[in-house]
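Quick notes on the structure that follows.
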Amino acid sequence: MLGKAALRLFPRPARRCLRAEGQCPGEPLAQPASEDGEVLHRASLYVHWPFCKRRCTYCNFNKYISPNVDHNAMRDGLVQETETLLRDSQVKEITSVFFGGGTPSLAKPSTIASILETVAKASRLSHNVEVSLEANPTSVSTSKLAEFKKAGVTRISIGIQALHNHDLKILGRDHTVHEAVWSLEEARKLYPGCTSVDIIFGRPGQSLELWEEELEEILTLCDHHVSLYQLTLERGTALYKQVQEKVVSMPEQDEVANMYHAARSILEKAGFHQYEVSNFAKNCFGGGSMFMSY
């Protein structure tokens, strides 16, 4: 059920940045190694929850739409795989944990707790380890956010994706702008200084002016960390078919490039540091705790 990509280990990078997250950039490293080939005993752990309630129109990620998830089987499988990965990799210390997907906020908080307990037993968790979890606005109530925190999650990343209901519908998202704003406000109460938002640009019909206005509004809602993702058309997705059939049209590439450069400028002026192509965070420096960019 889990597959080989359910968990991944990444070497602990030299540069640090507070409140930084993103997506997995490369192949899994079963035995993280330094440049001179020696085994590294410190690493970050990525845990994949592959289930979603629905498939967004642009998404081609490894995920499954199932109304009846066997949560006990998933918990047991992820715990077993965590034990195996940490044993075989010889990693002694986990510096950060990232729960991605899929929609990991659909998992039971008890599953998250079991995985973190397993990590603590099989290796050593760094002091003040960062534990991030991606969340969809419609899958996190206030009580569930609190349960995730009790389970050991220290940071929440909300997949807002857009602040226009029309665009959310085109993207196939199952939430409204109101639900997105509410979930972010609740997350900020429970995880002060440790919230992040994902937002997509280059959407059908989007203009540079509308994008700049939207990003300025985002910064009034979340001033800790922002992940910007350019919308790309993937073969086999519903959005790809809509574009091919001229139901919707994408912005010109020059316009999309201008959106990206405008976002960099706006975020820089707001005090954000760009530490990776898509990720921007405040409170960045050369050492200390970090969220690894996946």
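Legend: calculated FRET efficiency, THR142 to LEU233, from the Cβ-Cβ distance at R0 = 51 Å, rounded to 0.05, equals 0.90.
Couplings 3J(HN,Hα) of region 175-188, computed from phi: 10, 9, 4, 4, 5, 5, 5, 4, 5, 5, 4, 5, 5, 5 Hz, in residue order, whole Hz [Karplus 6.51 cos²θ - 1.76 cosθ + 1.60, θ = phi - 60°; x for Gly and Pro].
Within the set of other residues whose C-beta is less than 10 Å from the C-beta of LEU221, count the net charge using Lys and Arg as +1 and Asp and Glu as -1. Local net charge: -2.
With all protein chains kept in place, the per residue accessible area of region 135-197 amounts to 39 square angstrom at a probe of 1.4 angstrom. For PHE99, the residues whose amide H sits under 5 Å from its own are VAL47, SER132, LEU133, GLU134, ignoring neighbours fewer than 5 places away on the same chain, with H placed 1.01 Å from N. Working note: Cα gyration tensor of region 34-168, eigenvalues times five, square-rooted, sorted largest first, giving semi-axes of 28, 17, 16 Å. Accessible surface for THR111 stands near 0 Å², nearest 10, in the context of the full protein assembly shown (1.4 Å probe). The convex hull of the Cα atoms of region 140-294, projected and averaged over all directions, covers 10.0 nm². The alpha-carbon positions of region 96-196 define a convex hull whose volume is 87 Å³ per residue.
Over the Cα atoms of region 142-203, each weighted equally, I'd like the Debye log10 I(q)/I(0) at q = 0.30 Å⁻¹, rounded to two decimals. Normalising to I(0) and taking log10 leaves -1.23. A straight chain from ASP254 to CYS59 at 0.36 nm per residue would run longer than the Cα-Cα distance by 67.9 nm. Mean sequence separation of contacting Cα pairs (under 8 Å, at least six apart), scaled by the length of region 75-156, corresponds to a relative contact order of 38 percent.
The values are calculated or read from the model by the stated rules, or taken from the named source; none is laboratory data. Everything numeric here is computed off the predicted structure, so don't read it as measured data. Every residue, glycine as well, gets a Cβ built from its backbone with ideal geometry; the counts of neighbours run over all protein chains shown. Heavy atoms of the whole protein, side chains included, go into the accessibility calculation; ligands, DNA and RNA do not. Shrake-Rupley method; radii C 1.70, N 1.55, O 1.52, S 1.80 Å.
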